[in-house]
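The values are calculated or read from the model by the stated rules, or taken from the named source; none is laboratory data. Note that the structure is a prediction, hence the values are computed from the model and not measured. Cβ placement follows ideal geometry from the backbone for every residue including glycine, while neighbour counts extend to all protein chains displayed. For the accessible areas, the whole protein counts, side chains as well, though only heavy atoms, and no ligand, DNA or RNA atoms are used. Shrake-Rupley method; radii C 1.70, N 1.55, O 1.52, S 1.80 Å.
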Amino acid sequence: LVLSIAQYANGVEIGGVYYLLDDETHTATVTYPNDTVPVWPSDPSTYSGAITIPDIVTYNNQSYTVTAIGSKAFLGARLTALTLPNTITSIGSAAFYDHRGITSLELPNLQSIGNEAFRFCSSIEKVVIPECINSLGITAFQRCIALREIQLPDKLTSLPNHFLFACSSLEQIQLPASMTFISYECFRSCAALKSISIPEGVTRLNNLAFRGCESLEKLYIPKNVVNIGEEIIGGYPSDPYTGGAVPGATGIDRLKSVFIDCVIA
């Protein structure tokens, strides 16, 4: 297999993909195809078509394992398909911001996901976060409107602020028993979410956690919760509310069952 190779101001281009190469660790990070850091929306990624990232790339007779997707690497890219290798351990901030083309994320060795990594990624439908994850960024999957399934690791103790904000196709989610609190706006405007069971170990529900979840029918709050934030449910389906007649669905009118087994301090 012969690949095109070219030097690049911020790395090297190999087979149509740009990489930052580390000669000490012999690892490679996928980066953006620009000479300067892209700023959305003025200069989104020029990556296009179907791209397959290999697990190993070769440059100057040296092999490098591809272990990371760098910050803003695919920001605003309009791909038809994207395949990532299982060697990826890190996805940088805004790496796939407003990206089109990736439909699932299942990387068994993934250890970190940066802030806004998949924000506005409208094509992603399934996410599996592995047990080896040790860092999750805020708003990582905000407004992923096609996301229907997300699997969380058993050891997870919390999700970052705005983590699944406005994932409007998400109907259900299984929270791990290890969780201790629900963060600010974590599930806000998940309009299709029908039920949620808070794990027994959770002690705090932060503000607006489920605001705008207009399909929510069942909510279970366990006895260990000692702090419930403001407006954890309710809110208008189209936030922010600008006045006038109150919309018919407020996010709480469908609630059929709320079980609260706790004493609020």
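Numerical summary
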quantity: Residue within region 107-117 that is closer than 19 Å to ALA50 by Cα, in a loop (DSSP other than H, G, I, E, B) and not hydrophobic (A, V, I, L, M, F, W, C) present; calculated: no
quantity: Which numbered condition ASN86 misses (of (1) closer than 30 Å to LEU156 by Cα; (2) surrounded by 14 or more Cβ atoms within 10 Å (Cβ to Cβ)); calculated: (2)
quantity: ILE124 vs. criteria among the aliphatic types (A, V, I, L, M), in a loop (DSSP other than H, G, I, E, B) and open to solvent by less than 50 Å² (accessible area, probe 1.4 Å); calculated: yes
quantity: Residues (under 23 Å from the mean Cα position of the chain (by Cα) and open to solvent by less than 70 Å² (accessible area, probe 1.4 Å)) located in region 38-68; calculated: PRO38, ASP43, PRO44, SER45, TYR47, GLY49, ILE51, ILE53, PRO54, VAL66, THR67, ALA68
quantity: Any hit, region 174-184, residues being closer than 18 Å to ALA73 by Cβ, open to solvent by 20 Å² or more (accessible area, probe 1.4 Å), touching a residue at least 12 places away in the same chain (Cβ under 8 Å) and not in a loop (DSSP other than H, G, I, E, B); calculated: no
quantity: Near pairs, Cβ below 8 angstrom, 6+ apart or cross-chain, from region 93-106 (in a strand (DSSP E or B)) to any residue that is crowded, with 24+ Cβ neighbours inside 10 Å and not aliphatic (A, V, I, L, M); calculated: ARG100/CYS121; LEU105/PHE118
quantity: Members of region 13-37 that are touching a residue at least 40 places away in the same chain (Cβ under 8 Å), open to solvent by less than 40 Å² (accessible area, probe 1.4 Å) and assigned to a loop (DSSP other than H, G, I, E, B); calculated: TYR32
quantity: Matching option when the condition is touching a Pro at 6+ places or on another chain (Cβ under 7 Å), without any contact (Cβ under 8 Å) to a residue 24 or more places away in the chain and open to solvent by less than 10 Å² (accessible area, probe 1.4 Å), among LEU110, LEU147; calculated: LEU110
quantity: Cβ-Cβ under 7 Å pairs, at least 6 apart or on other chains, region 59-77 side under 22 Å from ASP23 (Cα atoms) and outside any loop (DSSP other than H, G, I, E, B), far side among the hydrophobic types (A, V, I, L, M, F, W, C) and at pLDDT below 90; calculated: TYR59/ILE5
quantity: Condition broken by LEU21, with the remaining ones in (1) of a type outside the set (Lys, Arg); (2) out of contact with any strand residue (DSSP E or B) (no Cβ under 9 Å at 6 or more places or on another chain); (3) farther than 25 Å from ARG143 by Cβ satisfied; calculated: (2)
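Here is a yes/no grid of residues against (1) more than 19 Å from the chain's Cα centre (by Cα); (2) farther than 20 Å from PHE96 by Cβ:
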residue: PHE141; (1), (2): no, no
residue: TYR184; (1), (2): no, yes
residue: GLU200; (1), (2): yes, yes
residue: SER215; (1), (2): yes, yes
